[in-house]
Every structure is written in structure tokens, then in C-alpha cells.
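The values are calculated or read from the model by the stated rules, or taken from the named source; none is laboratory data. No experiment lies behind these values; they were computed from the predicted model shown. Here Cβ is always computed from backbone atoms with ideal geometry, including for glycine, and neighbour counts include all displayed protein chains. Note: areas computed on protein heavy atoms with side chains; ligands, DNA, RNA excluded. Shrake-Rupley method; radii C 1.70, N 1.55, O 1.52, S 1.80 Å.
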Amino acid sequence: MRFVDEFREPELISKAAEEIRRLAGTERHLRMMEVCGGHTHAIYRFGLKDILPENIELIHGPGCPVCVLPMGRIDDGLSIAQQSDVIFAAFGDMMRVPGTQGSPLEHKARGMDVRIVYSPSDALKLARLNPDKHVMFFAIGFETTAPSTALTMMRAKAEGVRNFSVFCNHVTIIPAIRAILDSPDMRLDAFIGPGHVSTVIGCRPYEWIAQNERKPIVVSGFEPLDMLQSIVMLLHQLKAGEAKVENQYKRVVPWEGNRAALRAMAEVFELRPYFEWRGLGFISQSALRINDKYAEWDAEQRFAVPGIRVTDPKAAQCGEVLKGVLKPHQCKLFGRECTPEHPIGALMVSSEGSCAAYHNYEHRKAAMVSLNSVA
Ligand code: SF4
């Protein structure tokens with residue numbers, strides 16, 4: 001298959017759904033975690049949950065980098081940008097994420113120089129265009145986006161652009177999965193492996209999940225048929241009592257990953273000893289920092305960073321949702337105090353956040369059904 005339409009073909013989808021029903025049987029309740037926020041959105045957007053048998057439960061994982069960033073890091077980044085000659089540059093996804101004193105967009109409304117960029121190299125361009133200002137790029141993302149940050153820093157160094165720095169919040173996926181598996185309140189049978197991250201890291205880093213934890217994992221694409229095929233592959237493994245890593249997304253994900261991207265990351269970054277994740281707490285060796293060769297372009301070394309630690313509002317249950325212990329609508333604030341218009345947690349505003357996915361698709365669907373029943 002070559003085109004997106006073929007991955008949405010109704011006949012093939014119903015065949016895959018039938019195969020899933022046959023393989024799943026009815027006896028055992030199976031809990032599969034989709035690690036990636038992109039998968040969560042596909043599940044709700046295409047209504048995949050509704051065509052799965054009741055005994056297959058999809059658990060949303062921590063694979064939304066904006067969602068797992070604790071509020072203190074947002075406050076730290078914004079505190080640097082309080083300085084009058086600093087431009088705060090970030091992806092659009094970050095703009096409405098709440099810090100304790102408001103989101104970047106709210107700071108912009110109060111006069112801070114906040115710009116949306118579509119790539120780190122856009123931020124570097126901004127620095128070249130504004131030589132009398134300092135541009136700080138608020139870098140965020142898993143291994144998917146870290147290589148482009150690294151390449152941009154290499155270019156800044158090669159060109160000697162000194163009014164540019166990166167506030168690095170890149171995190172790594174494997175320690176997060178390990179933390180989920182170590183969590184005593186979580187029982188999982190299998191993993192739908194992240195598609196985007198795997199384009200960079202490949203499939204080999206997941207082998208420990210299969211070997212040590214005896215959990216099958218299938219790296220999956222994002223179209224409805226991709227995800228259903230991945231579930232079929234997981235069910236075959238579970239039925240045969242196997243636990244191995246398989247790659248459903250071969251058309252995009254190379255088994256060994258992208259060596260050039262990994263080399264760029266190794267040139268610029270090193271592992272932090274530990275990093276705080278929203279909901280998961282401190283996880284050792286789970287994030288990247290800029291190494292000494294690039295210290296001049298490291299915002300954390302160039303500026304005084306307060307290292308703010310902030311606990312989420314008491315009633316917010318972002319942590320439980322991120323760990324998959326609660327479904328988004330089970331948070332006490334969902335759809336009431338916390339909405340896309342007035343978000344309390346990042347999960348409600350990020351394009352990969354599970355609360356946003358649930359609100360945009362399931363919640364609206366339920367509202368439409370109740371409106372139609374009144375009409
Ligand atoms: S509804 Fe809001 S407060 Fe509750 S988990 Fe989602 S983002 Fe967090």
C-alpha cells in the first residue's frame with residue numbers, strides 16, 4: 001500500500017476488526033498501552049475504540065512531550081525571557097501550556113517578546129535577523145525532534161551565531177516506559193510502540209521490554225489500518241505466548257534507526273543524571289542536556305535559571321492520566337474547570353495530549369448524541 005487512503009479503506013478495516021475479535025476471544029481482559037500521543041489522537045479521531053471488542057482496553061501512555069513537562073520548567077524558560085532583550089521562541093504547541101503565572105501566550109499579551117517557530121532553524125534565523133536581541137529556543141520533544149535541535153546548534157556554532165541559545169527539555173522514551181512498567185498500580189499486557197520516535201531510535205532499544213518484562217511490542221504507524229494491524233500482531237504474540245519486538249511501520253521505521261540523526265544527538269547532547277516528569281516524578285537518565293562543547297549555546301549555562309519546582313493544582317489528575325491509571329474523562333476537572341479554552345493541564349492543550357483528544361472527539365460525540373436525543 002502506498003497512499004493514505006488505502007490505510008483508511010473501510011473493507012480492510014472491517015476485516016482487521018473481525019480478525020481482532022476472533023483472536024481476542026472473550027475470556028481474557030487485555031490491556032494494551034499506546035505509548036505515543038499521536039496514536040491516542042488516531043484512536044479517538046478514527047473511532048477505533050468503538051470497533052474493538054470490549055475485552056481489549058487501550059491505555060494512553062506518557063508519549064506527549066509537552067504533557068510530561070512539569071510546570072516549573074515552563075516557569076524557568078519564561079523567567080529567562082523576562083529579560084528585555086530576550087526573544088522566547090517555541091513551537092505553537094507550547095504557547096497555551098500553563099505556567100504558574102500564565103502561558104507563553106499570556107506572557108506575550110503582557111508584553112514579553114514571544115514568537116512561534118516551526119523548527120529550531122526558524123529560531124536560528126530569527127537570531128540572525130535580530131542581532132541586537134538574544135533568541136532563546138524552548139526545545140521540547142522526544143528523540144523525534146532532538147536531532148533537529150542538535151543540527152541547529154551545530155550550525156549556530158559553525159556560523160558563530162552568538163545571540164542564540166537553547167533551553168533544552170528533550171526527553172527520552174525508554175526510561176519513561178521503564179517507569180510505567182515499574183509502577184505498582186499498572187498492569188499491562190502489551191505495547192503499541194511509538195512510530196515517530198522509532199524513526200530515530202529504531203526498534204532495537206525496545207528489546208528489553210520483550211526479553212526482560214515478557215511484554216510484546218509492535219511499533220505502529222498512525223493510520224487506522226496501521227493500528228488495527230498492530231493489534232492483530234500483538235494478539236498473535238499473546239495467543240502464542242510470545243514476547244518480541246515487531247515493526248508494523250516498516251515503510252517509515254528502519255530497525256536500526258536513523259544513524260545520522262543519532263550521531264547529531266551524540267555530538268551535542270549528553271544524558272542528565274535525572275529529570276522530573278509530570279506525573280512520573282524524577283526518572284534517572286531520562287532527558288538530554290547540552291554538553292560542554294556547546295555550552296555557549298546552552299540557555300541553562302548562559303542565564304541564571306531559578307530551578308522552579310511547582311506542584312500541579314491539587315484537584316488536577318494529570319499524573320494519573322499520564323500513567324494510564326485514569327482515563328481523561330475520569331479526572332475530576334475534565335470538561336468542567338479544565339477545557340481546551342481554559343486548560344489547567346498541558347494534556348488539554350497539546351496536539352498530542354490525551355485529554356485534548358478525548359475532549360475533541362469523544363466528548364463532542366457524546367454531546368451531539370444527547371443533543372440529537374433531545375431534538
Ligand atoms: S482534565 Fe485537565 S487537569 Fe484533568 S488530567 Fe486532563 S489536563 Fe489534567
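Just need the relative contact order of the stretch 120-254 here, percent rounded to a whole number, with Cα pairs under 8 Å and 6+ apart. Once divided by the residue count of the stretch 120-254, the mean separation gives 21 percent.
Projecting the Cα atoms of 247, 48, 277 onto the dipole axis of the chain, where Lys and Arg carry +1 and Asp and Glu carry -1 at the beta carbon, places 277 farthest toward the positive end.
Can you order the peptides 312-320, 238-246, 172-180 by their average number of other Cβ atoms within 10 Å per residue, highest first?
172-180, 312-320, 238-246
Can you find, among 184, 224, 211, the residue sitting farthest towards the positive end of the charge dipole of the stretch 179-237, where Lys and Arg contribute +1 and Asp and Glu -1 at Cβ? Most positive-ward Cα: 211.
The accessible surface of the chain, taken with every protein chain in place and a 1.4 Å probe, is 52 percent carbon and sulfur.
Accessible surface area normalised per residue over the chain is 44 Å², counting heavy atoms of protein chains with a 1.4 Å rolling probe. If you run the Gaussian network model on the chain, springs between alpha carbon atoms under 10 Å, then out of 109, 17, 287 the most flexible one is 109. Between 191, 46, 142, the residue with the greatest mean-square fluctuation in the GNM of the chain (Cα pairs under 10 Å linked by springs) is 46. The charge dipole of the chain, taken about the Cα centre with unit charges on the Cβ atoms of Lys, Arg (+1) and Asp, Glu (-1), comes to about 160 debye, rounded to the nearest 20. How far is helix 120-129 tilted off the main Cα axis of the chain, in degrees rounded to 10, range 0 to 90? With both axes taken from Cα atoms, the answer is about 20 degrees. Could you tell me the accessible area of residue 152 in Å² (1.4 Å probe, neighbours in place), rounded to the nearest ten? The value for residue 152 is about 10 Å². Counting only protein chain heavy atoms and rolling a 1.4 Å probe, the accessible areas of 148, 230, 351 rank, largest first, as 351, 148, 230. Pull out a ≥ b ≥ c, the square roots of the eigenvalues of the alpha-carbon gyration tensor of the stretch 1-83, then state rounded if a/c is under 1.5, prolate if not and a/b is larger than b/c, and oblate in the remaining case. Here the stretch 1-83 falls in the oblate category. Here the stretch 1-146 is treated with +1 on each Lys and Arg Cβ and -1 on each Asp and Glu Cβ, and its dipole about the Cα centre works out to around 240 debye.
Among the listed pairs 125/250; 215/323; 15/250, those with a Cα-Cα distance over 25 Å are 125/250.
If you take the square roots of the eigenvalues of the alpha-carbon gyration tensor of the stretch 73-178 and sort them as a ≥ b ≥ c, do you get rounded (a/c under 1.5), prolate (a/b over b/c) or oblate? Judged from the Cα gyration tensor, the stretch 73-178 comes out oblate (a/c at least 1.5, b/c at or above a/b).
For residue 4, the accessible surface of its heavy atoms amounts to roughly 70 Å² (probe 1.4 Å, protein chains only, rounded to the nearest 10).
When cysteine pairs in the chain are screened for C-beta atoms closer than 4.7 angstrom, the residues that find no partner are 36, 168, 203, 318, 331, 338, 355.
Given axes a ≥ b ≥ c from the Cα gyration tensor, I'd like to know whether the stretch 200-326 is rounded (a/c under 1.5), prolate (a/b larger than b/c) or oblate. Judged from the Cα gyration tensor, the stretch 200-326 comes out oblate (a/c at least 1.5, b/c at or above a/b). Computed over the chain, relative contact order equals 22 percent, with contacts defined as Cα pairs under 8 Å that lie 6+ residues apart. Whole-Hz Karplus values for the stretch 63-75 come out as x, 10, x, 5, 5, 7, 6, x, 4, x, 5, 5, 4 Hz, taken residue by residue from phi with 6.51 cos²θ - 1.76 cosθ + 1.60 and θ = phi - 60°; glycine and proline positions read x.
Computed on the stretch 66-118, with alpha-carbon pairs under 8 angstrom and 6+ residues apart, the relative contact order is 39 percent.
Of all the Cα-Cα pairs you can form in the chain, what percent are over 32 Å apart?
35 percent
Relative to the longest principal axis of the Cα atoms of the chain, the long axis of helix 173-182 makes an angle of roughly 60 degrees.
Could you tell me what percent of the DSSP beta bridges with both partners in the stretch 160-282 are antiparallel, to the nearest 5?
For the stretch 160-282, the DSSP antiparallel bridge percentage is about 25.
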